[in-house]
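Colleague: Structure provided below as structure tokens; questions to follow.
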Amino acid sequence: MTAIVLSSMRRKLTNRSVLLNLVVMPLLLIVILGNALASTFTSETHASTATHETSLGVVDLDSSAGSRALVASLAASGAFAVHAYPSVDTGRGALSAGDVDVLATVPSGYGSDLADGTAPTVGLTALDSQVDRLAAAQVALDTVGDAARAQAATGRAHPPAYTLGDYVGSGTPTSTDPAAGVTGITYYTVTMLVLILLYGLGNTMNFVKEEYDGPLGDRYLASPTGTLQLVAAQVVSGTLTSAIQGGVVVGAAVALFGADLGHSPLVVAAIVAVAAVLFNVLGLFLGLLGRSRPWLDPLVSLLIPVMTFLGGGFVKLDTGRLQDLTVNHVFQSALFREVSGIRPDWSPLLTCLALSGAVFLASAVMVRRVGVR
Amino acid sequence: MPTALECRNVSFRYHKRRPVLDGVTFAVERGQIFGLLGPNGAGKSTLVKILLGLNRAGEGSVTWFGEPLTTRTRRRIGYVPQDLALLYDLSAHDNVRFFGRLNGMSGKHLEERTRTVLDFVGLWDERGKQPGEYSGGMKRRLNIACGIVHDPDVVIMDEPTVGVDPQSRNHILESIETLRDQGTTVVYISHYMEEVERLCTTIGVIDEGTYLCGGTLEELLHAHAPEAIVDLELTTGTTVDADDLAGLEILEQRSGGVSVSVPEGQLDVMRLIADRFDDKVQRFTYIPPNLEQVFFRLTKKALRD
Amino acid sequence: MTMSVFLLYARRLLKRPFALLVAVVMPLVLVQGVVLQYENATKLTVAVSVPDPTFARFVEGRLDAAGVEHTTVAVADRSSAAGVLVAVDGTPAEVAGHPDALDAHVDQGSVSANGVLLATRLDSIVSTLAYLAGTTHTAQGLERALDRYDAAPAPVRTSTQVLGNPQRTVLQSSFNMIVFVMLLLTMSNILVFLKDKQMTTTQRILVATRSTLTYYLQLVALFALVAVAEFLLMVAAMRWVFHVPVGLSPGRGALLVLAYALFNVVAISVGLLLVSRTEKESVGRLLVTAVTLPAAMLGGALWPLTIMPTWMQQVAQVLPTTWVTQLNGTLFSGFTPPTWDLVRPLLLLGVLAVVLFTALSRLPSERV
């Protein structure tokens, strides 16, 4: 078995294209992703709400005491950074230029309508790319009438003095998303690490298919080396190769780009090891299955980037239950927990190991089934 | 002489299809070159897989040196597959060493054997090259070296000369003769009757999964092709009539030619042919008894069909 | 003979049922991911943890009136609730006349601009509750005050207006995703050509074809057709599966189809040029990955170009993926774009297709 492991390792690690594909490419992707999407990660947590104010352009067509009070209350709410514009045209110009997220137009007669009890309507406008912000801004802006309404409900002479912010706590990362709060480089180091390990599945699959489909496989199987040893050698060499590649990528990402993978290298190594074993065992199984099913090859080639995408590997997105269907998610979550200092949850990883064992045994049975191809 | 390989009543079929092998029985004695002759699709490669334990026989048994196939017996068997089974990203030297290790070899013994077999197939000087840099014949020779590096007692060679140039083919055949001289038993699978005739001590003939007959070349010829053939190509415009053919056993009559059987020792038939066709024949070919005829007699079809 | 290469490869593409299935299912799954993400991002949802039924009714009533969806969270689960959370403890009997007894807090969850806006609304609701508690003395009095508040008209109303196409983001993201899918599928298909090259099948086909140019013309035509089919599939899926109106006029639709067809022509031409560089499948795979992923990432197929640093956006201007994704943005924006913004990407794609095609037709036949 050692002979096969050593020879396989040597063949894999001296293959320039494999090295390029599995070490240089992920590093390149980490750099591209980390830089391109850095802006979506900065100040995700531990930031003051001030950095998350909505930029609100205000066109006050009334300029009354009432409208000025409205603008002042919006500015005081802590939710809006208010910018005044003299006319609707200049306001829309600012909107189109991206200077403000939402434009509020206070209609002329606002103050008198308010005094008369005729509810004036404040118009909110946003570009089509800011539909979600517009809806949220409307919900927040509706608060401006709350105090007056409460006054009306109680019949008191003066409106209450609300201090918005009394009840609002600071944002904290929630336990359902362990990836919240990590930097872009760290996020992509994790997702690209899982991607490399997943590509290990594809590589082992191709390698096993080439080795065991045809005369070379016959020669292996005709040798005195036992079946279990033969398949174990493939898994061991694949896992070691994946571990080396993972180590290089993590090392480079940490040393060169400042990725932070937590404080327990052993936990990270254990997660990587489980992923490497699972993916290589699956690669072995699919490679053996692929001897008689050539369609598996293109399918796996496509599924790897697709699963990475759905698992939030390329863009940090939440695809809900679709995400849970991706194998990337299991290992990304485990790594993000470690990075965020959340206690590891070993049960999915142990399930993966058990699955690896079962698939390994199935492969050992299947490797001899060349005759029924 | 003790038996190296015994195949008893072996049958095999894929799922519920027609049997690929049907009750194949033969034995190979040690030190022999046993030739298994059959056309393409006869079931030779399937039989090889069963002999090596790569396929499991539906019925029957295979024993090597009187034992079923075990790790111990596997060490005594070498296998040279029909297609090239090489690692293209390793040098020839590393290929041989790898397959040596796969067969349980190590250390100095492995190094010595690696040199010996690479010398044996004439590739020692080119050992640093990868198989991709070799010619077709050199690859075939390396394929053989990888199969015999562990000094097996028996080597199964499945069509080792397919697609090689005459020079390399001759080199391979000479190597096999040397192996025989060194006491190695060789199971030589081929559909080239000339090679089987040249090399093999005993010959088995297989077709459509059935083992038709076995024995030495002489025994087979005597039992199944006791006659020679005279093939006559007639001069243009000439015809043969019933009188010309009277008293002769005609194997084939075609426009412009006729094949006549000449039973062993019957020289008067030759005389008859000479008398009747002297002025009608453009070309006269005498074909002595051979395996082709054995095969034709047994299956009513040509070996190369 | 005339269309034999076209028919041969069309048959081969169609005869790979799993690849075909992937070609149909993959864009649907990926776009489903985009649509879900969009819905999650645009849906305003808060978690409500208010055990008292009177207060719960008031809080939920205010949220319903504001069009904010809400989920109910048990007291024990507050710490693990995702997103913005409002928690109110106390009963009308406890807090009437004693507003300090109202134990309430609003948690913004992971901080985002939308979270801050929602939290502002919740804070106002809780403040109202506290104010009304302070102005009453009994539980019944507080409940009546809450009912009166509910019944009172809002003193200020708001109206919203979207400039452009309200479906822009989801449409643009989905069609950008199709650019990624198309690139991935087309580039994966080049491995078929690589296998043909290894087996010298290509040589045999070339011998039987009138010229290398006709060979390429037929291949390119096939992949242009594949692009049109993918595009139409997506339009149908958006309409009937995801229920997002595409809202393109026939003229704009035709423009986009043309752009996708040209883009796929560019993709297959680049793929064939890559095939000419190698005979090894492993190297082919590497080249495909090395071209596909950066082109998709930098070209705005996976995320908006605008979120990238300026230098990256400048680099992206030379990528054909960028031209198509920019055209998607222009066409789905809902504004009337300058003609040049429509013509420019098509022109660039056309010129690049011609350049690549010329490069292909000049390749020595043994490298094809």
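The values are calculated or read from the model by the stated rules, or taken from the named source; none is laboratory data. In this text, all values refer to a predicted model and were calculated from it rather than measured experimentally. Backbone-built Cβ (ideal geometry, glycine too); neighbour counts: all protein chains shown. Please note that ligands, DNA and RNA were not included when accessible areas were found on the heavy atoms of the full protein model with its side chains. Shrake-Rupley method; radii C 1.70, N 1.55, O 1.52, S 1.80 Å.
Colleague: List the helices (runs of 4 or more DSSP H) inside segment C:258-368, counting only whole elements, that have at least 3 residues being away from chain A (no Cβ under 13 Å).
Modeller: Per the criteria, C:320-332, C:339-361.
Colleague: Filtering segment B:102-133 down to residues that are touching a residue at least 40 places away in the same chain (Cβ under 8 Å) and within 25 Å of the chain's Cα centre (by Cα), which residue is least open to solvent (accessible area, probe 1.4 Å)?
Modeller: Residue satisfying both the conditions and the ranking: B:V121.
Colleague: Pick out the one residue from A:R92, A:R149, A:R133 that is at the interface with chain C (Cβ under 10 Å from one of its Cβ atoms), within 24 Å of C:D150 (Cα to Cα), among the basic types (K, R) and part of a helix (DSSP H, G or I).
Modeller: Selected residue: A:R149, the only one of A:R92, A:R149, A:R133 that is at the interface with chain C (Cβ under 10 Å from one of its Cβ atoms), within 24 Å of C:D150 (Cα to Cα), among the basic types (K, R) and part of a helix (DSSP H, G or I).
Colleague: Exactly one condition in (1) touching a Lys or Arg at 6+ places or on another chain (Cβ under 9 Å); (2) in a helix (DSSP H, G or I) is not met by A:T225; state its number.
Modeller: (2)
Colleague: Also, I was wondering about something else. State all residues of segment A:71-111 that are touching a Phe, Trp or Tyr at 6+ places or on another chain (Cβ under 7 Å) and closer than 19 Å to A:T121 by Cα; if no residue qualifies, say none.
Modeller: A:L74, A:G91
Colleague: If a residue counts only when it is crowded, with 22+ Cβ neighbours inside 10 Å and modelled with pLDDT of 90 or more, which helices (runs of 4 or more DSSP H) contained entirely in segment A:303-373 have at least 1 such residues?
Modeller: Those helices (runs of 4 or more DSSP H) span A:327-339, A:347-366.
Colleague: Which one of these is in the same structural domain as C:E94 (by TED's automatic domain parsing) and touching a residue at least 24 places away in the same chain (Cβ under 8 Å): C:T186, C:T136?
Modeller: C:T136
Colleague: Okay, moving on. For segment B:249-263, check the following and say yes or no: at least one residue is more than 30 Å from B:P19 (Cβ to Cβ), in a loop (DSSP other than H, G, I, E, B) and outside the structural domain of B:R18 (by TED's automatic domain parsing).
Modeller: yes
Colleague: Continuing with this model, one more query. Exactly one of (1) of a type in the set (S, T, Y); (2) in contact (Cβ under 8 Å) with a residue 40 or more places away in the chain; (3) open to solvent by 30 Å² or more (accessible area, probe 1.4 Å) is unmet by C:S269. Its number?
Modeller: (3)
Colleague: Any residue at all in segment A:335-357 that is within 14 Å of chain C (Cβ to nearest Cβ) and touching a Lys or Arg at 6+ places or on another chain (Cβ under 7 Å)?
Modeller: yes
Colleague: Does A:S112 fit the bill of being assigned to a loop (DSSP other than H, G, I, E, B) and assigned by TED's automatic domain parsing to the domain that holds A:L61?
Modeller: No.
Colleague: Out of all the residues in segment A:286-295, is one or more open to solvent by less than 10 Å² (accessible area, probe 1.4 Å), in a loop (DSSP other than H, G, I, E, B), at pLDDT below 90 and not acidic (D, E)?
Modeller: Yes, the conditions are met somewhere in segment A:286-295.
Colleague: Give me the strands (runs of 3 or more DSSP E) completely within segment B:198-248, filtered to those with at least 2 residues that are closer than 14 Å to B:K280 by Cβ and not assigned by TED's automatic domain parsing to the domain that holds B:R8, ordered by residue number.
Modeller: In segment B:198-248, the matching strands (runs of 3 or more DSSP E) lie at B:227-234.
Colleague: Quick one: A:V267 ticks every box in (1) of a type in the set (A, V, I, L, M, F, W, C); (2) open to solvent by less than 20 Å² (accessible area, probe 1.4 Å); (3) touching an Asp or Glu at 6+ places or on another chain (Cβ under 6 Å) bar one, so which box is it?
Modeller: Of (1) of a type in the set (A, V, I, L, M, F, W, C); (2) open to solvent by less than 20 Å² (accessible area, probe 1.4 Å); (3) touching an Asp or Glu at 6+ places or on another chain (Cβ under 6 Å), only one is false for A:V267: (2).
Colleague: Having 2 or more residues that are polar (S, T, N, Q), open to solvent by less than 10 Å² (accessible area, probe 1.4 Å) and facing another protein chain (nearest Cβ under 8 Å) is the bar; report the helices (runs of 4 or more DSSP H) wholly within segment C:90-187 that clear it.
Modeller: C:113-134
Colleague: Looking at segment B:264-283, which of its residues are surrounded by fewer than 14 Cβ atoms within 10 Å (Cβ to Cβ) and part of a strand (DSSP E or B)?
Modeller: Scanning segment B:264-283 gives B:Q282, B:R283.
Colleague: Would you please name the residue that is farthest from the other protein chains (Cβ to nearest Cβ), looking only at residues in segment A:14-32 that are at pLDDT 75 or above, open to solvent by 30 Å² or more (accessible area, probe 1.4 Å) and assigned to a helix (DSSP H, G or I)?
Modeller: The selected residue is A:L27.
Colleague: Check whether at least one residue in segment A:251-268 is within 14 Å of chain B (Cβ to nearest Cβ) and touching a Leu at 6+ places or on another chain (Cβ under 9 Å), and report yes or no.
Modeller: no
Colleague: Quick check on B:F99: is it at the interface with another protein chain (Cβ under 9 Å from one of its Cβ atoms) and in contact (Cβ under 8 Å) with a residue 24 or more places away in the chain?
Modeller: yes
Colleague: When B:R140 is evaluated against the numbered criteria (1) of a type in the set (D, E, K, R); (2) open to solvent by 40 Å² or more (accessible area, probe 1.4 Å); (3) touching a Leu at 6+ places or on another chain (Cβ under 9 Å); (4) closer than 17 Å to A:P215 by Cα, which criterion, by number, is the only one it fails?
Modeller: (2)
Colleague: Looking at this structure, is A:G262 assigned to a helix (DSSP H, G or I) and open to solvent by less than 40 Å² (accessible area, probe 1.4 Å)?
Modeller: No; evaluated as a whole, the condition is false for this residue.
Colleague: Continuing with this model, one more query. Look at B:G214 and say whether it is at negative phi, out of contact with any helix residue (DSSP H, G or I) (no Cβ under 7 Å at 6 or more places or on another chain) and open to solvent by 10 Å² or more (accessible area, probe 1.4 Å).
Modeller: When the stated conditions are applied, B:G214 passes them.
Colleague: A further question on this structure: So, in segment B:36-75, how many residues would count as being under 21 Å from the mean Cα position of the chain (by Cα), among the basic types (K, R) and either within 17 Å of A:G217 (Cβ to Cβ) or surrounded by fewer than 21 Cβ atoms within 10 Å (Cβ to Cβ) (or both)?
Modeller: 1
Colleague: How many of the residues in segment C:320-342 are free of Cβ contacts under 8 Å to residues at least 60 places away in the same chain, open to solvent by 30 Å² or more (accessible area, probe 1.4 Å) and closer than 18 Å to C:S173 by Cβ?
Modeller: 1
Colleague: Does A:S7 meet the test of being facing another protein chain (nearest Cβ under 7 Å) and at pLDDT 75 or above?
Modeller: Answer is yes for this residue.
Colleague: Okay, next question. Hey, B:T63 hits all of (1) over 24 Å from B:V117 (Cα atoms); (2) within 12 Å of another protein chain (Cβ to nearest Cβ); (3) of a type in the set (S, T, Y) but one; which does it fall short on?
Modeller: Result: B:T63 fails condition (2) only.
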